[in-house]
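Here is the structure we will look at.
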Amino acid sequence: MVRLLLICFYIAACGADLPYLKKRTYTYSIYVAGEQCGFSRFRIADTVAAKRTALAVTETVYVKNASMEVSSRTTVVYSLSGAPLYYSGKSRFTVAADSAMNGFYQVSIAFIDSGANVEVLKDGKPFRKMGVPLQHGPFHVIEGNHLGQFALAVFFTNDLLVSSVERQVFHVGSYKTISLELRMVRYAELKTNTRLVPCRRVDYFLGGKEAGTLWISEAGMLLRDEERNGGVVIDLED
């Protein structure tokens with residue numbers, strides 16, 4: 001029997017290094033009902049933004065099932081504390097149930113102290129241009145199926161974790177801030193293809209709604225996301 005313990009762990013607050021090596025490619029495999037339907041692949045590299053050292057996360061996503069096909073390539077530039085500075089992305093959507101969503105999208109977002117400036121092109125034509133006030137930071141960036149973005153949001157959120165913590169995140173797609181809450185952290189072991197990994201099991205909530213369970217290594221690496229919606233399981237490949 002696995003003994004479940006509430007724990008307190010401080011990651012960014014203690015100055016811990018990112019658990020993801022720079023210039024190494026990480027791949028998350030996406031499964032629905034046990035069948036693989038896509039992947040999220042990302043890598044982190046140093047860059048410079050506003051004359052300061054920053055992190056650039058480049059990510060490629062592909063998902064295909066009976067209801068949709070999505071391909072995407074994005075880059076997010078972060079400060080060393082995990083705050084987003086700039087986002088750029090290109091995505092192609094084919095959605096069976098909503099043909100109005102189909103098309104090729106180009107998105108650029110500049111994050112400033114008071115908000116986010118968003119510009120979206122669809123099939124090469126202006127589609128949306130807006131400023132979004134951001135008054136409840138600190139915040140991070142998340143986007144559907146982009147596990148690299150989500151893994152960093154979880155890592156940087158964990159710095160204040162005791163039994164639970166809540167942060168605001170900026171959701172690319174809806175272009176709104178929503179809450180990301182982590183609760184009930186427990187020790188456990190996750191069986192991968194090659195080994196048993198000591199980890200922390202964390203229930204997470206998005207916008208106040210229960211979203212799933214995360215398996216996080218002792219170093220802060222996201223190993224698995226078991227989502228409540230549709231039997232989705234996402235695993236980091238060994």
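Do we find that Ala33 is of a type in the set (Gly, Ala, Ser), at pLDDT below 95 and out of contact with any Pro (no Cβ under 6 Å at 6 or more places or on another chain) in this structure?
yes
Which residue pairs have Cβ atoms closer than 6 Å, lie 6 or more positions apart in sequence or on different chains, and pair a first residue in the range 188-217 that is in contact (Cβ under 8 Å) with a residue 40 or more places away in the chain and farther than 22 Å from Val169 by Cβ with a second residue that is among the charged types (D, E, K, R) and in a strand (DSSP E or B)?
If the second residue must be among the charged types (D, E, K, R) and in a strand (DSSP E or B), the pairs left are Ala188/Arg201.
Please name all residue pairs, on different chains or six or more residues apart, with Cβ atoms under 8 Å, provided the first residue is in the range 109-127 and is surrounded by 11 or more Cβ atoms within 10 Å (Cβ to Cβ) and the second residue is basic (Lys, Arg) and in a strand (DSSP E or B).
Final answer for the pair search is Val118/Arg128; Val118/Lys129; Glu119/Arg128; Glu119/Lys129; Val120/Arg128; Val120/Lys129.
Test each condition in (1) of a type in the set (Phe, Trp, Tyr); (2) within 30 Å of Asp113 (Cα to Cα); (3) surrounded by fewer than 17 Cβ atoms within 10 Å (Cβ to Cβ) for Phe42 and report the one that comes out false.
Unmet for Phe42, out of (1) of a type in the set (Phe, Trp, Tyr); (2) within 30 Å of Asp113 (Cα to Cα); (3) surrounded by fewer than 17 Cβ atoms within 10 Å (Cβ to Cβ): (3).
Tally the residues that are more than 20 Å from Tyr28 (Cβ to Cβ), surrounded by fewer than 18 Cβ atoms within 10 Å (Cβ to Cβ) and hydrophobic (A, V, I, L, M, F, W, C), restricting the search to the range 183-202.
1
Could you check Met1 against (1) part of a loop (DSSP other than H, G, I, E, B); (2) modelled with pLDDT under 90; (3) surrounded by 11 or more Cβ atoms within 10 Å (Cβ to Cβ); (4) not basic (Lys, Arg) and say which number it fails?
(3)
Which of the following residues is crowded, with 19+ Cβ neighbours inside 10 Å and not in a strand (DSSP E or B): Gly82, Gly89?
Working: Gly89 fails: not in a strand (DSSP E or B).
Just a single option satisfies the conditions, and that option is Gly82.
Need the failing condition index for Lys64 against (1) under 16 Å from the mean Cα position of the chain (by Cα); (2) modelled with pLDDT of 95 or more; (3) closer than 28 Å to Val118 by Cα, just the number.
(1)
The values are calculated or read from the model by the stated rules, or taken from the named source; none is laboratory data. What you see is a predicted model; the values in this text were computed from it and never measured. Please note: Cβ atoms are built from the backbone with ideal geometry, for glycine as well, and neighbour counts cover all protein chains shown.
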